[in-house]
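Heads up, the thing below is written out as structure tokens.
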Amino acid sequence: MNRQLTINCKGHLLDLSTPIVMGIINMTPDSFYGASRVAADAVLRRVEQFLEEGASIIDVGGMSSRPGAEIISIQEEERRVLPVIEQIKNTFPKACLSIDTVHSVVAKKAIQAGASIINDISAGSIDANMFRTVAELGNVPYILMHIQGLPKTMQQNPVYKDVTLEVLDFLIGRLGMLRALEVKDVIIDPGFGFGKTIDQNYALLKRLNVFSVMEAPILVGISRKSMIYKLLDITPEEALTATAALHWKALDGGASILRVHDVKAAVEVVRLWQKMQEV
């Protein structure tokens, strides 16, 4: 299979022949992992840290998507993220930024402000204009994620006959819609923790290599999530070691991008994993 090995971030080609790391910047008051929330006056320090530690992408989000979270207004999301994106881009002009949003209006304004990638947890299901907006923007990579339901209700009773095949079928269908609109760079995300039980999350991770049939880069976001800390009966703050272990499994399954809270640890996992492929 010929998986795509580069994505175009406003003229800068990101090389995915070796897995890369995306660092999370949460401009939210209510994300599940408290240490990931960044005060406005600390954003540049956090971004600088992530870049020095080896992050290839900085993912900026203004809305928590933890279980039970509400969809915030466009106006509030813009207030949280647009000035931050402009500030980061002015200070670190070569940084590749992604905007984590379900709103097409926010996505478009964020790209205009300096972001290069759109990261949509809803796969266009919340905002019917999202796919068209991505296409109209031209050459903007789009992260296509699976979710069952909405953040507010997604964990109440997620049901699948075969979680891996159902997520795969969903993503193939949505990818077809994007290809019909001539969207070139699509990254797929199985959506760990988004409308899945603990067992369903591990079933997805165990069979992650199935998604390679789509010939698109695979993003995995499992950092410090409940599939880890609830299983181990620990807190998100105590879940770094276990996160690193599952990152290795994700890389074995074909992940090209790790979306993480802890860039240094993830980059080290990638380096060790890569060495094992070379010897």
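Can you return the aspartates and glutamates within cross-link range of Lys109? Criterion is Cα-Cα under 19 Å, with same-chain partners fewer than 8 residues away left out.
Asp59, Glu76, Glu77, Glu78, Glu86, Asp100, Asp120, Asp127, Glu136
Would you calculate the volume per residue, in Å³, of the smallest convex hull containing every Cα atom of the stretch 56-148?
92
Within straight cross-link reach of Lys161, meaning Cα distance under 16 Å, which aspartates and glutamates are found once same-chain residues fewer than 8 apart are removed?
Asp169, Asp199
What is the magnitude of the charge dipole of the chain about its Cα centre, with +1 placed on the Cβ of each Lys and Arg, -1 on the Cβ of each Asp and Glu, and no other charges, expressed in debye to the nearest 20?
160
Binning at 5 Å from 0, report for the chain what percent of all alpha-carbon pair distances ends up in each bin.
Computed distribution, short to long bins: 1, 6, 13, 18, 21, 19, 14, 6, 1, 0, 0.
Holding the Cα-Cα limit at 24 Å, pick out from Lys225/Lys275; Lys108/Lys184; Lys10/Lys196; Lys196/Lys230 the pairs that are longer than that.
The answer is Lys225/Lys275; Lys10/Lys196.
How big, on average over all directions, is the shadow cast by the Cα convex hull of the stretch 178-279, in nm²?
For the stretch 178-279, the mean projected area of the Cα convex hull comes to 7.4 nm².
Do the sum for the chain: with -39,500 (n - 2.57) for every DSSP H run of n ≥ 4, divided by all residues, what is the mean residue ellipticity at 222 nm, to the nearest 500 deg cm²/dmol?
Mean residue ellipticity, 222 nm, calculated: -12500 deg cm²/dmol.
We did not get these values from a lab; they are worked out from the coordinates using the rules stated. Not measured: the values here are computed from a predicted model. Cβ sites come from the backbone with ideal geometry, for glycine too, and all protein chains shown count toward neighbours.
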